[in-house]
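Below: one structure, written as structure tokens.
The values are calculated or read from the model by the stated rules, or taken from the named source; none is laboratory data. As the structure is a computational prediction, the values presented were derived from the model and not from experiment. For accessibility, only protein heavy atoms count, side chains too; no ligands or nucleic acids. Shrake-Rupley method; radii C 1.70, N 1.55, O 1.52, S 1.80 Å.
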Amino acid sequence: MGACAPGRVPGCWSGAVDYTRQLQSGGRLIATRQALQHMLANMEADIYQARTTSLVAQA
């Protein structure tokens, strides 16, 4: 998706972050769970990589 619609991906990512800040599981916000934090960090890194690759390909 990052290569197809680079302008929409950051909005999707921020929507996912906002969603994790609202959802609770076991009485705790899921945003406080380390595994989910790692998954969101990996998503952000993938978005950055796709965007950078796209910019380099255009040059």
| field | Evaluation of LEU29 against (1) over 13 Å from the mean Cα position of the chain (by Cα); (2) open to solvent by less than 60 Å² (accessible area, probe 1.4 Å); (3) at pLDDT 90 or above (one fails), failing number | value | (2)
| task | From the list ALA45, ALA5, ALA59, pick out the single residue that is open to solvent by less than 60 Å² (accessible area, probe 1.4 Å) and either more than 15 Å from the chain's Cα centre (by Cα) or at pLDDT below 90 (or both). | result | ALA5
